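Once you've had a glance at the structure underneath, I'll fire off some questions.
The values are calculated or read from the model by the stated rules, or taken from the named source; none is laboratory data. Computed from a predicted model, the values in this text were never measured in an experiment. Here the Cβ positions follow ideal geometry from the backbone for every residue, glycine too, while neighbour counts run over all protein chains shown.
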Amino acid sequence: MVNKLRVLATRALPAAVTDRLTQDYEAHLNPDDRLMSAQEIVSAAEGCFAIICTGSDRFDAALIERLPASVKLVATFSVGYEHIDVAAARSRAIQVSNTPDVLTDATAEIALLCLLGAARRAWEAQTLLREDRWVGWTTTQLCGTQVSGKRLGILGMGRIGRAVAARARGFGMTIHYANRRRLAQDQEQGAVYHAQPEDMLPHCDFLSLNAPSTPETHHFLNAERIALLPKGAIVVNTARGSLVDDAALIEALTSGKVAAAGLDVFEGEPKIDARYRTLPNTFLLPHVGSATVETRNAMGFACLNNLDAVAAGRSGPSILTA
């Protein structure tokens with residue numbers, strides 16, 4: 001009987017992913033889906049060749065330094081990997097992988113849901129019905145902002161940004177974008193490029209944040225940049241909570257400078273700024289951008305593909321470290 005390599009999964013995984021993992025490896029699972037402490041991860045990883053983690057797990061330098069010598073791969077069940085100190089992993093010859101390319105469509109769909117939900121006051125409308133306060137149709141009830149024909153600015157025109165643009169064109173929206181570099185003409189499809197994000201903001205009836213979390217994008221949407229938006233603009237964030245200065249956005253939502261916001265991600269999540277909950281002009285979701293059965297399975301299989309490659313001595317399809 002061939003001994004299977006041992007793998008730690010720090011969180012519960014989709015059933016189809018768990019089935020494949022347990023078939024091919026000796027799996028140390030977390031069926032209760034409880035967030036493990038650093039000490040618990042270190043202890044559970046003893047004898048493991050790989051760890052499957054999520055964005056909720058913080059693999060900082062201190063934790064990576066304590067990982068058993070058996071660990072050769074940390075595979076994160078996410079596209080973003082800011083929760084992993086990649087340099088610390090590299091120094092210990094631990095490879096790191098992520099799951100790019102498989103959640104583009106699902107996240108773009110949520111961006112449009114947030115855009116429409118914020119523009120058309122969906123939370124207020126739902127609450128009116130669920131609290132049995134609706135007394136009938138009136139000419140001025142819950143009038144929101146029409147999406148069709150408006151200008152959409154996109155910060156970050158990678159795969160997800162382009163997918164958001166493609167869907168927004170279905171509403172006849174004019175696309176503006178800011179990106180580190182200009183896209184090829186066939187990828188732009190008529191979108192207006194702005195080399196500086198600040199030059200784009202005055203053209204944004206809607207602003208969609210689709211950039212990665214980096215030191216450069218930290219609190220990108222601050223008071224100074226909000227001031228550049230047209231009065232009554234609508235903000236959508238399905239990228240990372242750290243892109244938004246919460247205090248500045250909440251002030252703008254309160255004053256009316258920003259008409260509404262659709263947010264799927266938050267700084268410090270799951271502990272979000274409680275003031276968002278009190279604002280009627282916010283459409284809030286609990287980080288469900290990739291939450292379809294198809295996408296979560298694809299993310300899990302991407303993790304396993306990387307495990308298979310590293311176990312066979314090959315470079316995985318989405319390895320971040322050499």
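Restricting to region 58-87, what's the tally of residues that are among the hydrophobic types (A, V, I, L, M, F, W, C) and in contact with a strand residue (DSSP E or B) (Cβ under 9 Å, 6 or more places away or on another chain)?
Count: 10.
Follow-up question, since we're still on this one. Kindly provide the set of residues from region 270-294 that are over 18 Å from the mean Cα position of the chain (by Cα) and more than 16 Å from Ala260 (Cα to Cα), ordered by number.
If the condition is that a residue be over 18 Å from the mean Cα position of the chain (by Cα) and more than 16 Å from Ala260 (Cα to Cα), then Ala274 is the only one that fits.
Let me ask something else. Can you say whether Gly313 is under 27 Å from Asp105 (Cα atoms) and small (Gly, Ala, Ser), as far as the supplied structure shows?
Taking the combined requirement at face value, the residue does not satisfy it.
Conditions tested, residue by residue: (1) surrounded by fewer than 21 Cβ atoms within 10 Å (Cβ to Cβ); (2) farther than 17 Å from Leu21 by Cβ; (3) within 18 Å of the chain's Cα centre (by Cα).
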site: Lys72; (1), (2), (3): yes, no, no
site: Ala75; (1), (2), (3): no, no, yes
site: His83; (1), (2), (3): yes, yes, yes
site: Val86; (1), (2), (3): yes, yes, no
site: Ser91; (1), (2), (3): yes, yes, no
site: Ser97; (1), (2), (3): no, no, yes
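May I pose another question? Residue under question is Ala163, and the condition is that it be touching a strand residue (DSSP E or B) at 6+ places or on another chain (Cβ under 7 Å) and either outside any loop (DSSP other than H, G, I, E, B) or surrounded by fewer than 23 Cβ atoms within 10 Å (Cβ to Cβ) (or both); does it hold?
no
Please work out if Ile154 is over 19 Å from the mean Cα position of the chain (by Cα), closer than 19 Å to Leu112 by Cβ and among the β-branched types (Val, Ile, Thr). Quick ask: steps written out before the conclusion?
Working: over 19 Å from the mean Cα position of the chain (by Cα): no; closer than 19 Å to Leu112 by Cβ: yes; among the β-branched types (Val, Ile, Thr): yes.
No: the conditions fail for Ile154.
For region 256-269, which residues satisfy the criterion of being under 18 Å from the mean Cα position of the chain (by Cα) and outside any loop (DSSP other than H, G, I, E, B)? Talk me through it step by step, then tell me what you get.
Just the residues of region 256-269 that are under 18 Å from the mean Cα position of the chain (by Cα), to begin with: 261-269.
Once the filter is applied, which keeps residues that are under 18 Å from the mean Cα position of the chain (by Cα) and outside any loop (DSSP other than H, G, I, E, B), region 256-269 yields Ala261, Gly262, Leu263.
Would you kindly identify the strands (runs of 3 or more DSSP E) lying entirely within region 174-250 that contain at least 2 residues that are more than 30 Å from Gly55 (Cα to Cα), in the same structural domain as Gly262 (by TED's automatic domain parsing) and at pLDDT 95 or above?
Numbers: elements: 174-178, 192-194, 206-209, 233-237.
So the answer is 174-178, 192-194.
Further, regarding this structure: Quick one: in region 5-30, which of the residues that are over 24 Å from the mean Cα position of the chain (by Cα) and assigned to a loop (DSSP other than H, G, I, E, B) is nearest to Cys303 (Cα to Cα)? Walk me through it before giving the result.
To start, the set of residues in region 5-30 that are over 24 Å from the mean Cα position of the chain (by Cα) comprises 5-7, 19-29.
Within this subset, residues satisfying the condition of being assigned to a loop (DSSP other than H, G, I, E, B) are 5, 25, 29.
Details: Leu5: 15, Tyr25: 13, Leu29: 15 Å.
Among residues in region 5-30 that are over 24 Å from the mean Cα position of the chain (by Cα) and assigned to a loop (DSSP other than H, G, I, E, B), the one nearest to Cys303 (Cα to Cα) is Tyr25.
Here's a follow-up. Whether any residue in region 143-150 is buried (at least 17 other Cβ atoms within 10 Å of the Cβ), of a type in the set (A, V, I, L, M) and in contact with a helix residue (DSSP H, G or I) (Cβ under 7 Å, 6 or more places away or on another chain) is what I want to check.
Yes; the residues of region 143-150 include at least one that is buried (at least 17 other Cβ atoms within 10 Å of the Cβ), of a type in the set (A, V, I, L, M) and in contact with a helix residue (DSSP H, G or I) (Cβ under 7 Å, 6 or more places away or on another chain).
For region 188-222, enumerate the residues that are out of contact with any helix residue (DSSP H, G or I) (no Cβ under 8 Å at 6 or more places or on another chain) and closer than 17 Å to Phe266 by Cα.
Initial filter on region 188-222 (out of contact with any helix residue (DSSP H, G or I) (no Cβ under 8 Å at 6 or more places or on another chain)): 188, 190, 193, 195-196, 199-200, 202-205, 212, 214-216.
Answer for region 188-222, where residues must be out of contact with any helix residue (DSSP H, G or I) (no Cβ under 8 Å at 6 or more places or on another chain) and closer than 17 Å to Phe266 by Cα: Pro212, Thr214, Pro215.
Sticking with this structure for a sec: Please specify each residue of region 270-280 satisfying the condition of being free of Cβ contacts under 8 Å to residues at least 12 places away in the same chain and part of a helix (DSSP H, G or I).
Selection gives Arg277, Thr278.
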